[in-house]
Amino acid sequence: MDISIIVPLFNEDESLPHLAEWIDRVMNEHGFTYEVIMVDDGSKDRSWQVIEELRAKNPCYKGVKFRRNYGKSAALNVGFGHAQGDVVITMDADLQDSPDEVPELYRMIKEEGYDLVSGWKKKRYDSKLAKNIPSKFFNWTTRKMSGIKLHDFNCGLKAYRRDVVKSIEVYGEMHRYIPVIAKWAGFSKIGEKVVQHRKREFGVTKFGLNRFINGYLDLMSIMFMSKFGKQPMHFFGLVGSGSFLLGFVAFVIVCILRLCGHISLTNSVWFYVSMLFILLGAMLFLSGFLGELICRNSTTRNTYLIEKELVD
Ligand code: UDP
Ligand code: MG
């Protein structure tokens, strides 16, 4: 099968029939074999009935319905699990992403050898204050932190080689950082394509401003996990030892000053500061040690993504 299109959706019953018609038209024009996996993220409207109707008409349509709303990342992750096509395309359900972009995205993956191609909504049809300006800032930070040169990390329209989606896992709000996750998993050929973006015709946006707070926390955990996820001691041990050493040296100095009669221990703020650093250091060190113990017991401690093998 050439293409799997994954569509995460939450209360999008009005858009779905139009989207499906458009996808079918583009796929048939180009003669692709395809499947469309619609993941209903706990919709309360008629979305699931629409998916059932689509499937009855065309078995290329597949559907998964969550019992409640888990979020876009969860929906994508489940879609990734089911995808069978050589190239996997994700697309929002609200008709803001155009299926006309699919053939070119497919070509870039197949012929230019990209692992991942992200859409870039160069001209964006969303509210300026709530979306466009915050997302410029968001993209700038993510670019700086991850070293990936993309203009638009959070574009819903992306294409992947199948290997990529089978090797990564997204949850929480991490759909915004899939290129970062893919890069850390070893898929570094990441490209970008300017895509046309459209106004939302039906329904309302599902993401408010709180996405920025959760989004940043998720970026921190991705960066932290990829750097120290398998060796927590390398972080906690270093910071902890540093703090302990600093505290200890300060404590020795304070003691010498006390013995010379310059200060009184209980009245000196430096005595308490040195104690604080010693305790903090010991606690950080202990956290690292506990982290190592947890890693040792993890079932995935020796799971590596293998690209090629020459063994019998
Ligand atoms: N979505 C989802 N679960 C959620 C929120 C959103 O599956 O909890 C879907 C939504 O139906 C749409 C896509 O994610 O297909 C993008 O959402 P939206 O258009 O609201 O985001 P925006 O374009 O405003 O950033
Ligand atoms: Mg949208």
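The values are calculated or read from the model by the stated rules, or taken from the named source; none is laboratory data. Keep in mind that what you see is a predicted model, and the values were worked out from it rather than measured. Don't worry about glycine lacking a Cβ; one is built from the backbone with ideal geometry, like all the others, and counts go over all protein chains shown.
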Considering segment 202-220, residues that are part of a loop (DSSP other than H, G, I, E, B) and within 21 Å of A93 (Cβ to Cβ), and then whichever is nearest to ligand 2 (Cβ to nearest atom), we arrive at T205
Among F285, F277, the single one that is of a type in the set (A, V, I, L, M, F, W, C), part of a helix (DSSP H, G or I) and touching a Ser or Thr at 6+ places or on another chain (Cβ under 6 Å) is F277
Of the listed residues (K227, K193), the one being of a type in the set (K, R), exposed (fewer than 14 other Cβ atoms within 10 Å of the Cβ) and under 30 Å from G71 (Cβ atoms) is K227
Exactly one of I148, I181 is part of a helix (DSSP H, G or I), of a type in the set (V, I, T) and in the same structural domain as D13 (by TED's automatic domain parsing), and that residue is I181
Please work out if L116 is surrounded by 14 or more Cβ atoms within 10 Å (Cβ to Cβ), within 16 Å of ligand 2 (Cβ to nearest atom) and over 21 Å from F202 (Cα atoms).
no
### Task
Determine whether segment 156-168 contains at least one residue that is at pLDDT 90 or above, of a type in the set (D, E, K, R) and within 24 Å of D126 (Cα to Cα).
yes
Of the residues in segment 187-201, those that are more than 10 Å from ligand 2 (Cβ to nearest atom) and either among the charged types (D, E, K, R) or part of a loop (DSSP other than H, G, I, E, B) (or both) come to F187, S188, K189, E192, K193, V195, Q196, E201
Note to self: Here is a check on your reading of the model: is T141 polar (S, T, N, Q), out of contact with any Asp or Glu (no Cβ under 6 Å at 6 or more places or on another chain), part of a loop (DSSP other than H, G, I, E, B) and in the same structural domain as M91 (by TED's automatic domain parsing)?
What the structure shows: no
With respect to K110, is the statement that it is away from ligand 1 (no atom under 13 Å from the Cβ), farther than 23 Å from S15 by Cβ and at pLDDT below 95 true? no
Across segment 119-131, the tally of residues that are within 13 Å of ligand 2 (Cβ to nearest atom) and under 16 Å from L150 (Cα atoms) stands at 3
The correct count of residues that are crowded, with 16+ Cβ neighbours inside 10 Å, at pLDDT 85 or above and not hydroxyl-bearing (S, T, Y) in segment 125-142 is 2
The residue that is farthest from V239 (Cα to Cα), considering only those in segment 254-277 that are surrounded by 14 or more Cβ atoms within 10 Å (Cβ to Cβ) and in contact with a Phe, Trp or Tyr (Cβ under 6 Å, 6 or more places away or on another chain), is V254
Would you be able to say whether some residue in segment 230-239 is loosely packed, with under 12 Cβ neighbours inside 10 Å, under 23 Å from the mean Cα position of the chain (by Cα) and in contact (Cβ under 8 Å) with a residue 12 or more places away in the chain? no
Quick count over segment 189-199, residues being over 22 Å from I178 (Cβ atoms) and within 10 Å of ligand 1 (Cβ to nearest atom), is 0
Exactly one of R161, R176 is within 24 Å of N69 (Cβ to Cβ) and surrounded by 15 or more Cβ atoms within 10 Å (Cβ to Cβ), and that residue is R176
